[in-house]
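Notes to accompany the following structure.
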Amino acid sequence: MLFLDLAKAFDSIDHKLMLVKLRCLGFKPNVVTWFHSYFSNRMQSTVVNGTLSEPRHIECGVPQGSILGPLMFLCYINDLPTHVRFSTSYLYADDTAIVMKGKNVNDITHGLTSDLQTITKWFAANKLCLNAGKTKSMLFYNPQSFRGNKELLVFNNQDEIEQVTQFRYLGVELDSTLKFDKHVDYLRKKVNQRTRLLWKMRSYISKELALALYNSLIDPLFLYCNYVYDGMSLTSKRSVQVLQNSALRAVAKVNKRYSATALHDELQVEWLDIQRAKSTCTEVYKFTNGKGPQSLTDVFTPVANRRTLCSNAKICHEISRVKTKFSEKDFVYRGKKYWEKLPAPIQRSTSLEIFKSQLKSLHDVFEHIT
């Protein structure tokens, strides 16, 4: 996997080329004209030692902090995936990654190097610049079964791309063996900081306000991409659960001897493993209903049989047998196992909002691991 870094990505968008791309994407002439007006007559100045420079026209870039900025950038690089031959590209604003899978490291190295050279040429043609020094590579593998060469020698012209064993991508700490130990460390640091702050405030606020602060400042840390790292080890799961219990004790203003089960029942807060299971089911619902990347919607295509034609029958997926504990950590495997536990009426919800609402009120389906 390659994590690409673009130098001043949002400041490098060429306005004329942007308008051409909008036309190619099928935008109507009046919309393109609106964007032309949006980009036109923008000026900038700078101050050096108290002296203001003469204003100059801005011929490239999109306004920083605007709602349209990331969307415009995605439109600008939308055709990049069509130039990638051996790997698959994932675009999220300027956080672009290319992924290639295989059993031979040499083949992966060759494919990534070839695609990277093609991408670099595409960037140059579109007036963008790859920052090779901040671009990183990572090899993901099963430490239990893979004993071969783990060195990725990927080059961008004469520059060798640094290989790393951990990298923060879109707020999640990834590691080469997908243990997510570093992400747990990241969570521990963030949650402990906010829990200490909550303890300092606790004597001055009510339990209701403390719970509201937990829901707004601490719980989102646990919820963010929790279905991604649900495959972490049992030890890591228990470690993260301890963080939540500690934060909830601050909310209830009780000591560490207070029962965690009683704490969750009293505050009506779900255990983290149940949260992760429900988040995973939400993603599976999207993919089952064709809302997501093609690579995942294909994997979660329901099994066709006579029972699935009935309105009260469960929507089933084919679950492949796994041979190792490492394979059980896979999102697809976990997602299908969680999904089959849901009652048919919830699986067949007519909208995502209804599905989330019914899932939220569902109890005693997913088992809490103590």
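The values are calculated or read from the model by the stated rules, or taken from the named source; none is laboratory data. Treat the numbers as computed from the prediction; the structure is a model and nothing was measured. Just so you know, the surface numbers come from the protein's heavy atoms only, side chains and all, with ligands and any DNA or RNA stripped out. Shrake-Rupley method; radii C 1.70, N 1.55, O 1.52, S 1.80 Å.
Can you put Met100, Met201 in order of accessible area, largest first, using a 1.4 Å probe? Please list the in-between numbers first.
Working: Met100 40, Met201 70 Å².
Most to least solvent-accessible, the answer reads Met201, Met100.
Select from Leu139, Leu221, Leu170 the residue whose mean-square fluctuation is largest in a Gaussian network model of the chain (Cα-Cα springs shorter than 10 Å).
Leu170
Bins of 10 Å, beginning at zero and ending with the bin holding the largest distance: percent of Cα pairs per bin for the range 192-336, please.
Taking all Cα pairs of the range 192-336, the binned fractions are 10, 32, 26, 19, 11, 2, 0 percent.
With every protein chain in place, what's the accessible area of Lys134 (1.4 Å probe, Å², nearest 10)?
120 Å²
Once amide H atoms are built 1.01 Å from N in the peptide plane, which residues 5 or more positions from Glu162, or in another chain, come under 5 Å H to H?
Excluding prolines and chain starts, which carry no amide H, the hits are Ser137.
Return the subset of Lys291/Lys336; Lys101/Lys189; Lys336/Lys356; Lys336/Lys360; Lys103/Lys237; Lys189/Lys256 for which the Cα-Cα distance in this structure is over 21 Å, preserving the input order. Don't skip to the answer; put the middle values down first.
Numbers: Lys291/Lys336 16 Å; Lys101/Lys189 33 Å; Lys336/Lys356 17 Å; Lys336/Lys360 19 Å; Lys103/Lys237 30 Å; Lys189/Lys256 19 Å.
Violating the 21 Å Cα-Cα cut-off are Lys101/Lys189; Lys103/Lys237.
Each residue of the range 346-358 in order: what ³J(HN,Hα) in whole Hz does its phi give by Karplus 6.51 cos²θ - 1.76 cosθ + 1.60, θ = phi - 60°, with x for Gly and Pro?
My calculation for the range 346-358 gives 6, 4, 9, 4, 7, 8, 5, 5, 5, 4, 4, 5, 5 Hz in order.
Using a 1.4 Å probe, how large is the accessible area of Ile346, given in Å² and rounded to the nearest 10?
10 Å²
Of the listed pairs Lys8/Lys182; Lys150/Lys325; Lys278/Lys325; Lys134/Lys323, which have alpha-carbon separations greater than 30 Å here?
Going by Cα-Cα distance, Lys134/Lys323 fall outside the 30 Å limit.
Once you keep just the Cα pairs under 8 angstrom separated by 6 or more residues, what percentage relative contact order results for the range 126-233?
In percent, rounded to a whole number, it is 21.
Under 5 Å between amide H atoms, partner at least 5 residues away or on a different chain: which partners does Asp14 have, H built in plane at 1.01 Å?
Residues meeting the criterion, in which the H sits 1.01 Å from N, are Gly61.
How big is the chain on each of its three principal axes, counting only the C-alpha atoms and giving the largest first in Å?
Principal-axis extents of the chain (Cα, largest first): 66, 57, 47 Å.
Under the classification rounded if a/c is under 1.5, otherwise prolate if a/b is larger than b/c and oblate if not, where does the range 1-93 fall, given a ≥ b ≥ c as square roots of the Cα gyration tensor eigenvalues?
Values: a/c = 2.95, a/b = 1.44, b/c = 2.06.
Since a/c reaches 1.5 but b/c is at least a/b, the shape of the range 1-93 is classed as oblate.
Going by Cα centres, the range 9-85 and the range 102-137 are how many Å apart?
Cα centroid to Cα centroid, the span is 25 Å.
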